[in-house]
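One structure is given below, encoded as structure tokens.
The values are calculated or read from the model by the stated rules, or taken from the named source; none is laboratory data. The structure presented is a predicted model; accordingly, all values stated were derived computationally and were not measured. Cβ sites come from the backbone with ideal geometry, for glycine too, and all protein chains shown count toward neighbours. To get the accessible areas, we keep the full protein, side chains included, count just its heavy atoms, and leave off ligands, DNA and RNA. Shrake-Rupley method; radii C 1.70, N 1.55, O 1.52, S 1.80 Å.
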Amino acid sequence: MLSKHPDLCKYPHGHSRKVEVVLEADTLDRNEMVCDFKALKDALGDYLQGFDHAMCVNTEDPNFPQLKKAYGAQVIAFKGEDPTTEVMARTIFLEAKKRLAVYGKSKKAKYPITVALRLARVRVWETSSSWAEFAE
């Protein structure tokens with residue numbers, strides 16, 4: 001829901017989004033990879049899965065308290081901002097950066113991540129032809 005939008009996007013609606021994570025490194029790891037995709041899934045899978053069948057809502061939307069009460073964890077709060085694709089790309093980028101760093105330092109990680117790994121950007125696809133990207 002985009003509470004600031006002047007048209008239909010202000011109402012509950014859905015998208016089949018796709019998240020693209022671009023990683024880079026100056027050297028490959030011992031398995032000749034930038035990063036094993038399984039490590040990426042371990043680090044981010046649960047977080048990204050939380051968006052499935054959830055409603056992203058600006059906390060300043062007048063309906064936010066009712067929606068949160070009715071649907072609990074299936075309502076994802078975006079504090080003071082609309083969950084546009086641009087905001088979602090930034091949010092996912094920042095969380096991915098944090099989670100990859102934690103995963104990379106974990107001694108329990110099944111798929112090691114090299115310290116040379118960098119998160120280059122996150123692209124969030126809203127439709128097959130519309131996307132937004134965030135990079136630092």
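Results, tabulated for the structure shown:
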| item | result |
| --- | --- |
| Checklist (1) modelled with pLDDT of 95 or more; (2) farther than 17 Å from A39 by Cβ applied to K98, failing item | (2) |
| Filter pass, D82 being charged (D, E, K, R), at pLDDT below 95 and within 16 Å of the chain's Cα centre (by Cα) | no |
| The range 103-136, residues that are outside any loop (DSSP other than H, G, I, E, B), modelled with pLDDT under 95 and open to solvent by 50 Å² or more (accessible area, probe 1.4 Å) | K105 |
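For every residue, the table says whether it meets (1) at pLDDT below 95; (2) over 30 Å from L117 (Cβ atoms).
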{"position": "S3", "(1), (2)": "yes, yes"}
{"position": "P6", "(1), (2)": "yes, yes"}
{"position": "R30", "(1), (2)": "yes, no"}
{"position": "D46", "(1), (2)": "no, no"}
{"position": "G50", "(1), (2)": "no, no"}
{"position": "I76", "(1), (2)": "no, no"}
